[in-house]
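The values are calculated or read from the model by the stated rules, or taken from the named source; none is laboratory data. Keep in mind that what you see is a predicted model, and the values were worked out from it rather than measured. Every residue, glycine as well, gets a Cβ built from its backbone with ideal geometry; the counts of neighbours run over all protein chains shown. Accessible surface areas use protein heavy atoms only, side chains included; no ligands, DNA or RNA. Shrake-Rupley method; radii C 1.70, N 1.55, O 1.52, S 1.80 Å.
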Amino acid sequence: MRKPFIAGNWKMNMTHLEAIKFLQDLGYSYENKTGCEVAVCPPPTALRSVKVILEDDDMDIRLGAQNMHFEKSGAYTGEVSPDMLKALGVEYIIIGHSERRQYFAETNEIVNKKVRAAFENDLKPIMCIGESLEIRESGKAVEFVLDQLINCLEGISGKDIMRLTIAYEPIWAIGTGRTATSEDANDMCSAIRKKLVSLYSEEIANIARIQYGGSVKPSNISELMGMSDIDGALVGGASLKVDDFIALINY
Ligand code: PGA
């Protein structure tokens with residue numbers, strides 16, 4: 001059985017001081033009635049503070065980062081390596097978010113290198129794929145997303161797939177308030193899982209978790225989580241508000 005997984009992607013929001021305040025506020029009313037796995041993915045400057053608070057307060061929330069380089073070390077000004085994240089207690093790493101693909105020219109090839117580097121360094125990737133509105137309207141969304149999947153997973157073993165989370169995030173639904181219908185989101189997640197069956201095996205495909213992301217909020221999460229192939233959510237905006245984040249966890 002796949003354990004549901006709700007992850008908050010804070011994007012470029014919150015200084016480490018704001019992050020500390022957020023977690024203190026969260027700690028007051030935190031409860032997890034669904035028993036789902038929960039992660040927060042703050043910007044790199046807040047990772048250390050967030051880790052310390054989660055540990056001190058004994059909160060069962062995992063730490064994730066939003067990006068990393070695929071090399072171990074070297075002359076890459078401004079970049080952060082897998083080792084550096086690991087040393088901070090990071091467990092999850094978001095890779096290939098559409099904002100990174102759009103604004104920082106990340107290709108499937110780069111995403112693939114980062115996914116490999118994550119596994120080599122014992123980090124668990126949350127690998128994002130998803131189509132633009134133009135592609136959705138052309139009727140080629142499934143083809144496009146499966147092509148991203150195949151290219152991003154090149155050379156990744158079945159053993160690693162069992163530790164992978166895939167986040168299906170249609171670009172047109174991110175930060176727009178416009179959510180894919182639960183049926184559409186589930187259809188794509190099912191298509192992704194079927195492709196994993198053909199690339200790996202039924203057993204492996206049934207273990208890999210697939211999240212939906214794009215304007216997930218307290219009002220739509222339970223319907224999404226009720227779908228057969230949606231195992232969780234990658235949440236941006238709504239993960240920045242304490243009450244909303246708690247409501248999401250208790251979908
Ligand atoms: P959103 O962002 O929930 O604000 O739409 C989701 C994401 O980009 O991961």
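If I ignore ligands, DNA and RNA and count only protein heavy atoms, how much of residue 241 is accessible to a 1.4 Å probe, in Å² to the nearest 10?
120
What whole-number value in cubic angstrom gives the convex hull volume per residue for the C-alpha atoms of the stretch 116-251?
Spelled out: Cα convex hull of the stretch 116-251, divided by residues, is 109 Å³.
Expressed in nm to one decimal, what extension gain is obtained for the pair residue 20 and residue 58 from 0.36 nm per residue of sequence separation less their Cα-Cα distance?
Full extension of this stretch gives 12.2 nm more.
Give the aspartates and glutamates whose C-alpha is closer than 14 Å to that of residue 114, dropping any in the same chain fewer than 8 places away, or say none.
71, 79, 83, 106, 122, 154, 160
How fast does the stretch 33-77 diffuse by Stokes-Einstein, in µm²/s, taking the Kirkwood radius from C-alpha pairs at 4 °C and 1.567 mPa s?
Approximately 105 µm²/s, per Stokes-Einstein.
So how far apart, in nm, are the two label points at residue 45 and residue 223 if each is 7 Å from Cα heading toward Cβ?
Output for this residue pair reads 3.8 nm.
Please work out the C-alpha center-to-center distance from the stretch 1-51 to the stretch 225-251 and express it in whole Å.
The distance from the Cα centre of the stretch 1-51 to that of the stretch 225-251 comes to 12 Å.
Only Cα pairs under 8 Å and at least 6 apart count here; give the relative contact order of the chain as a rounded whole percent.
22
Counting each DSSP H run of 4 or more residues in the chain as -39500 (n - 2.57), what helix-only mean residue ellipticity at 222 nm follows after dividing by all residues, to the nearest 500 deg cm²/dmol?
Result for the chain: -12500 deg cm²/dmol, rounded to the nearest 500.
Using Cα pairs under 8 angstrom and six or more residues apart, how large is the relative contact order of the stretch 159-251, in percent?
Relative contact order, the stretch 159-251: 33 percent.
Volume per residue, Å³, of the convex hull around the alpha-carbon atoms of the chain?
Per residue, the Cα convex hull of the chain comes to 117 Å³.
With only alpha-carbon atoms counted, please give the Rg and Dmax of the stretch 18-162, in Å.
When restricted to the Cα atoms of the stretch 18-162, Rg and Dmax are 16.9, 50 Å.
Rounded to whole Å, give me the distance from the Cα center of the stretch 54-100 to that of the stretch 150-181.
18
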